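These notes concern the structure reproduced below.
Here, each number is a calculation from the coordinates, and none is a lab measurement. In this text the structure is predicted, and so the values were computed from the model without any measurement. Cβ placement follows ideal geometry from the backbone for every residue including glycine, while neighbour counts extend to all protein chains displayed.
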Protein chains: 2
Amino acid sequence: MATPMSRRDLEFLLYEWLDVEALTSRDRFAAHSRDTFDAVLELSADLAMKCFAPANKIGDANEPYIGDDGKVVLPDEVVSGLAEFRKAGLIAASFDEELGGMQLPTVIRQASAVWFQAANAAMSSYNFLTVGNANLLAEYATPEQRDTWVRPLVEGRFSGTMCLSEPQAGSSLADVTTKAEPAGDGTYRITGTKMWISAGDHELTENIVHLVLAKAPGGGPGVKGISLFIVPKFLPDGTRNDIALVGLNHKMGNRATTNCLLNFGDGTFSPDSAPGAVGYLVGEEHRGLSYMFHMMNEARIGVGFLATALGYAGYQASLEYAKVRTQGRPVDQKDPSTKPVPIIEHADVRRMLLAQKSYVEGALAFELYCSVLVDQAATAADAEERARIDLLLEVLTPIAKSWPSQWCLEANSLAIQVLGGYGYTREFDVEQYYRDNRLNPIHEGAHGIHGLDLLGRKVIMQGGAGLALLAETIGATVGRALEVPAAAGYADALQSIVDRLVKVTAHIWSSGDPKLALANATLYLEATGHIVIAWMWLEQLLAADGRSGDFYDGKRAAAQYFFRYELPKTGPQLDLLTALDRTTLDVEPSWF
Amino acid sequence: MATPMSRRDLEFLLYEWLDVEALTSRDRFAAHSRDTFDAVLELSADLAMKCFAPANKIGDANEPYIGDDGKVVLPDEVVSGLAEFRKAGLIAASFDEELGGMQLPTVIRQASAVWFQAANAAMSSYNFLTVGNANLLAEYATPEQRDTWVRPLVEGRFSGTMCLSEPQAGSSLADVTTKAEPAGDGTYRITGTKMWISAGDHELTENIVHLVLAKAPGGGPGVKGISLFIVPKFLPDGTRNDIALVGLNHKMGNRATTNCLLNFGDGTFSPDSAPGAVGYLVGEEHRGLSYMFHMMNEARIGVGFLATALGYAGYQASLEYAKVRTQGRPVDQKDPSTKPVPIIEHADVRRMLLAQKSYVEGALAFELYCSVLVDQAATAADAEERARIDLLLEVLTPIAKSWPSQWCLEANSLAIQVLGGYGYTREFDVEQYYRDNRLNPIHEGAHGIHGLDLLGRKVIMQGGAGLALLAETIGATVGRALEVPAAAGYADALQSIVDRLVKVTAHIWSSGDPKLALANATLYLEATGHIVIAWMWLEQLLAADGRSGDFYDGKRAAAQYFFRYELPKTGPQLDLLTALDRTTLDVEPSWF
């Protein structure tokens, strides 16, 4: 298989553009250097190709199932690949040294993880969830909880999940019905059913630490009543907690990630005692969702990386194919006795490759940019700087989750198209990427939810400061680009569309009617996303300016593609938003 | 499962809009009436739900394989469902009475077939290929060949295939290397390998009639050297012809359609005789491609129907789900103690349903419109009328193939999104539709090929008469619509974009450089496709005008959606085409 990521591109983005080495001047990362960063990235690339990539098709073709003993069975290659990964200690990458971590910047941890995501998306999810889980606990758990749960997570002995959704409530957390009753000893008894729990059960680790949203008595209705609990598969004394695996979902893709329906406290494992799985409160009662949301930005950036990685892998595979597969002749060559040319010579194949390149490299740049913001916020010199970066992250997060989920999936579709009939077969890699990636617009907040989040919360928070900050930040790039002849034209184009976005946003909310304002929130999300990725291409253009060679020419060509073929798509979207179109509001259910 | 098609919509399109009853005034269809049409459609809907729908998931989950005896094994339900279908005699629908056919209009045959395509796309392909094969032979075969091959095909005793692609030549037929040597007795010996042969082997019928493109001695290079042969699995004396099933392709979707690598004349079944499978020439030597292309328009419309049917099935499934699944509350309802609403109440879900509706009903209207043109051409009063209709069909065919392949696949993605996590699981229907449909932009001419066909051949043929005829035909609809207050605004919008398309087309070719002109042919195809579907919505709006009730209000809402949300997407595409953008030409392979 083709290398699913590009070392050269990562190097460009991390060092030539983002200057992540500068992070080592901050106290938190002072023990690190480009050498330690490179060592982690090198190890990641090698391990991903050695332990994850070979299991990718195997895990897809041999879906997990529940064996006769009620335990989840995964293919040997998946089990051993994940064991190798845990042994390498990479789960610990960005955790505090005090917790046994390597205290690497988030951006390096993500640049490491993206190799595993690209090599085997389904396997990478076990790690992704464990890191997210441990990150949350590292922030909010008591010292005792940290010792009991976080350390083994960081060591890779335990793994983690996030249990939010229920069968009747996927996107709507206000309707969570899982209950938590105080047991009188400081612990709680959890009862309820959780759906779509990725990595929800398996035999890969000694224990599984579920983070469960549930309602404890005395909370208000809706999301205000939600508390967060640690509910482990095995209790500290080694006995089995009352969490039953009711079923595995059979998915279109991402098959090697178990996806579970879990019953908490249905008596399967505690027939004699009071009903309920034992849970340990995290932080304070009724504040569960705020803890969860605090970590959700990173989880959402993580999903953006996953979508990006799959898009990238498809791009690399279709590029390799297009360079060697010969077929047809140039349109101005009518003589059929001439030799067929590699299909990369055909303009439409180049269009499909350029589109993929502009999507996946644009997305990767953006996700890394967001990750640097996470590091900058965590190590900000003062509260004001931190608040500023956090605000920018708040605005960017819905886009970081949803843009790659949409466009890197589109890249996967183009990769199939480049391979033609071969692309449609399971003997090649690209169709699996497409199936795996189709999950990403659904989980961690479905696409439409992020539209509401962006337009309904993020751009108007703090009196519109979020959008103003985004516009100002893009404006700074534009300012630099205007000085550069090769970029000035693009800078003008971007600035004028940013100006328009700001005006359109104000216009949308001037109606005073949230229903009308939010009727086309998804279009707003998509338009803003394209503007942000155009900005990322302008940034890359500047980083490549003055440098010659194929790699930099490629960056320039992809930037040109994005500005000419993609950014103009926002025009009709902004027109519709300006019109405050009511089509979707006025249609009646009975008319369908 | 939801009914995958809508009887009401078919009735509207066939009778209230297209007035297909008028076809019964033509000699060829004089024996028919609305009653006979309805009987066939009723039978089709019932049979599709009874014999095809229940086998859809079974065929997907139990892919065909080659048994120990070398024979293809398909699930029992697929085998018995297809047997029921053949018994019902529907293969004969549109064939001449003289051949044992029912001599129904093509549009009725397609409206019948679309039920089977929607209920089970993979199973429908066996019939689709048999009809296409027999259609071609009915036109070009000798009387003896008609008796030997066409009659059993029409009866459903034999089935048919089209063997064009080879492993090294998918889209590029000029590079076909399969050889045909005259055997001296009027027959030929065929040697070569054919790839991606749908329905290429199975035990469903007594015999399989392969139509094979091969090069006979004396032909020119490229496509001019191609002849067409009947190469049956079993010879008329019952002996096995030398056609070996080398392997089955393992596909992302459409799994119940066998997709084969076939060796012709490799000696597997004729170790002692001269090498080569026995083939019978169709028509004249070296004219094979013209015969094939004559039938390809219908095959391409057939693929358009297939894509449409899958899109339609997904729309119906997600609509049913959206009406019953409750989750969340209106954006202006903040009280979490109120009951969750059906998700169809959310604007973004309505947007996804309206988008699907506008794609699938627009596509169905268009495919039926093209089918009526086929009937009108076949029964035209004179050569001039026939030529005129054929020219319009030539221009429309690339769009009839590619537009639904792109947008009804997008509809399937939206159906998944409406169902959320459930949509991503194989327990529900929509993910299979998405996988099945992803084939359609690939086979029968990949997407990019149709762009070249439309811009490079069709719109410039006969001195540009094709595009002028399309513009004139759309103009006639616009003329009628301008008289109707509810449609006049849309008519204006459509006319101005058609005018622009005509200008842009002339501008593109004014460069005199085919490479430059065709660099963005795919965008041209996509823009023209959206214009044509907008025209179809204007037509439906006129057919619904003055009629009240939910059904007609739904048509008006979908038309409004298409004109406001979709048609404007052509603006940036036409801008790019006007700019004669060179991005895809100038990028070098080494830059990727």
Simple spin-label model, 7 Å along Cα-to-Cβ: A:LYS50 to B:VAL246 in nm? 3.8
Just tell me which aspartates and glutamates come within less than 12 Å, Cα to Cα, of A:LYS323; anything on the same chain fewer than 8 places away is out. A:GLU345, B:GLU588
Excluding residues fewer than 8 positions from B:LYS503 in its own chain, the lysines with Cα under 25 Å of it are A:LYS569, B:LYS401, B:LYS458, B:LYS515, B:LYS569
Proxy exposure order for A:ASP581, B:ASP185, B:ASP60 (fewest C-beta within 10 Å first) is B:ASP185, A:ASP581, B:ASP60
Of B:ALA468, A:LEU213, B:ASN241, which is farthest along the charge dipole of the protein assembly as shown in the positive direction, counting Lys and Arg as +1 and Asp and Glu as -1 at C-beta? B:ALA468
Answer in debye to the nearest 20: the dipole magnitude of segment A:448-586 about its Cα centre, from +1 Lys/Arg and -1 Asp/Glu charges placed on Cβ, is 120
Enter the Cα centre distance for the pair segment A:540-592 and segment B:209-235, rounded to the nearest angstrom. 47
With +1 at each Lys and Arg Cβ and -1 at each Asp and Glu Cβ, the charge dipole magnitude of chain A around its Cα centre, to the nearest 20 debye, comes out at 1100
Degrees, to the nearest 10: A:383-419 long Cα axis against longest axis of chain A: 70
With a point put 7 Å past each Cα toward its Cβ, work out how far A:VAL324 is from A:SER496 in nm, to one decimal. 4.6
Separation between Cα centres of segment A:136-193 and segment B:355-395, rounded to whole Å: 60
With just the Cα atoms defining each centre, how far is segment A:435-495 from segment A:242-305? Give it in Å. 32
One decimal, nm, shortest first: give the distances between the label point of A:VAL484 and those of the same position in the other copies, each label point 7 Å from Cα along Cα→Cβ. 5.4
How far is helix A:550-561 tilted, in degrees, relative to the longest principal axis of the Cα atoms in chain A, given as a value from 0 to 90 rounded to the nearest 10? 90
Can you tell which of B:SER165, B:HIS202, B:ALA141 lies farthest toward the positive end of the dipole of segment B:141-271, using +1 and -1 charges on the Cβ of basic and acidic side chains (Lys, Arg; Asp, Glu)? B:SER165
Asserting the computed 222 nm helical MRE of the protein assembly as shown (DSSP H runs at least 4 long, -39500 (n - 2.57) per run, divided by residue count, to nearest 500) equals -16500 deg cm²/dmol
Just give me a number: lysine pairs in segment A:160-286, eight or more positions apart or cross-chain, with C-alpha atoms less than 26 Å apart. 11
So how do B:SER25, A:SER358 line up by other beta-carbon neighbours within 10 Å, fewest first? B:SER25, A:SER358
Could you pull the copy-to-copy label distances for A:GLU203, with points set 7 Å along Cα to Cβ, in nm to one decimal and sorted shortest first? 3.8
Just want to confirm a number: the relative contact order over chain A, from Cα pairs under 8 angstrom separated by 6+ residues, in percent. 12
Nearby lysines by direct alpha-carbon distance to B:LYS555 (threshold 16 angstrom, same-chain neighbours under 8 apart not counted): B:LYS357
Under 1.5 on a/c is rounded, so check that first for segment B:7-159, then, if it is not, pick prolate when a/b is larger than b/c and oblate when it is not; a ≥ b ≥ c are the square roots of the alpha carbon gyration tensor eigenvalues. oblate
Given labels modelled 7 Å from the Cα in the Cβ direction, how far is it in nm from A:ASP76 to B:ASP332? 6.4
By counting other Cβ atoms within 10 Å of each Cβ, how are A:ASP429, A:ASP499, B:ASP175, B:ASP436 ranked from fewest to most? A:ASP499, B:ASP175, A:ASP429, B:ASP436
Quick check: net charge around B:GLY279, other residues with Cβ under 10 Å of its Cβ, Lys/Arg +1 and Asp/Glu -1? 0
If we hang a label 7 Å off Cα along the beta carbon direction at B:LYS334, how far is it from the matching labels on the other copies, in nm, shortest first? 7.1
Report Rg (one decimal) and Dmax (nearest whole number) for chain A, counting Cα atoms only, units Å. 24.3, 86
Where a ≥ b ≥ c are root eigenvalues of the Cα gyration tensor, a/c under 1.5 meaning rounded, otherwise prolate if a/b exceeds b/c and oblate otherwise, segment A:157-308 counts as oblate
Once you list every other residue whose beta carbon is under 14 Å from the beta carbon of B:GLY464, what net charge do they have if Lys and Arg are +1 and Asp and Glu are -1? +1
Project the alpha carbons of the protein assembly as shown onto their principal axes and report the range along each, largest first, in whole Å. 90, 63, 63
Tilt, helix B:288-324 to longest principal axis of chain B (alpha-carbon atoms), in degrees rounded to tens, equals 40
State to the nearest 20 debye the size of the charge dipole of the protein assembly as shown about its Cα centre, where the only charges are +1 on K and R beta carbons and -1 on D and E beta carbons. 700
The Cα extents of segment A:453-592 along the principal axes, largest first and rounded to whole Å, are 59, 36, 20
As I understand it, the dipole of the protein assembly as shown uses +1 on the Cβ of Lys and Arg and -1 on the Cβ of Asp and Glu, about the Cα centre. Which of B:SER44, A:VAL79, A:PRO572 lies farthest toward its positive end? A:PRO572
Summed over the other residues with a beta carbon less than 11 angstrom from that of A:LEU518, with K and R at +1 and D and E at -1, the charge totals -2
